[in-house]
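Read the structure below first, then the notes.
The values are calculated or read from the model by the stated rules, or taken from the named source; none is laboratory data. Just so it is clear, the model here is predicted, and its values are computed rather than measured. Don't worry about glycine lacking a Cβ; one is built from the backbone with ideal geometry, like all the others, and counts go over all protein chains shown. Side chains included, ligands, DNA and RNA excluded: accessible areas come from the protein's heavy atoms. Shrake-Rupley method; radii C 1.70, N 1.55, O 1.52, S 1.80 Å.
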Amino acid sequence: TAKGGVIAAIADARPIPVRFIGIGEAIDDLSLFIRSNSNSGQAYYFSALSYGKINRKNYLIADMEAAAKLGNNKAKAFMNRNKD
């Protein structure tokens with residue numbers, strides 16, 4: 001949704017860690033945001049981070065891979081650090 005997308009963009013631009021934001025968004029809401037922004041590496045990157053917070057490693061890896069393929073540098077760095 002718009003709230004999740006705006007927060008994701010702000011969090012990516014700020015040099016401080018964001019631990020929790022109570023905006024009423026759920027992981028399913030982020031999935032809707034990604035589907036509407038399917039060419040956005042940033043959307044996949046933030047979805048992956050969300051999956052990491054709830055210990056859904058398979059989804060985290062899949063979304064990080066998608067974000068890296070779409071050019072997200074943070075996702076590329078993550079994938080390089082976590083090669084099997």
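For Phe33, which of the numbered conditions (1) of a type outside the set (Asp, Glu); (2) crowded, with 17+ Cβ neighbours inside 10 Å; (3) at pLDDT 80 or above fails to hold?
So the condition that Phe33 fails would be (3).
In the range 46-62, which residues are within 9 Å of the chain's Cα centre (by Cα) and in contact (Cβ under 8 Å) with a residue 24 or more places away in the chain?
The answer is Phe46, Ala48, Tyr51.
Taking the range 55-84, which residues are hydrophobic (A, V, I, L, M, F, W, C) and in contact with a helix residue (DSSP H, G or I) (Cβ under 7 Å, 6 or more places away or on another chain)?
Taking the range 55-84 and keeping what is hydrophobic (A, V, I, L, M, F, W, C), we get 60-62, 64, 66-68, 70, 75, 77-79.
Passing the criteria: Leu60, Met64, Ala66, Ala67, Ala68, Leu70, Ala75, Phe78, Met79.
I'd like the residue in the range 61-72 that is open to solvent by 30 Å² or more (accessible area, probe 1.4 Å) and of a type outside the set (Val, Ile, Thr) and, out of all such residues, is nearest to Asn82 (Cα to Cα).
The selected residue is Glu65.
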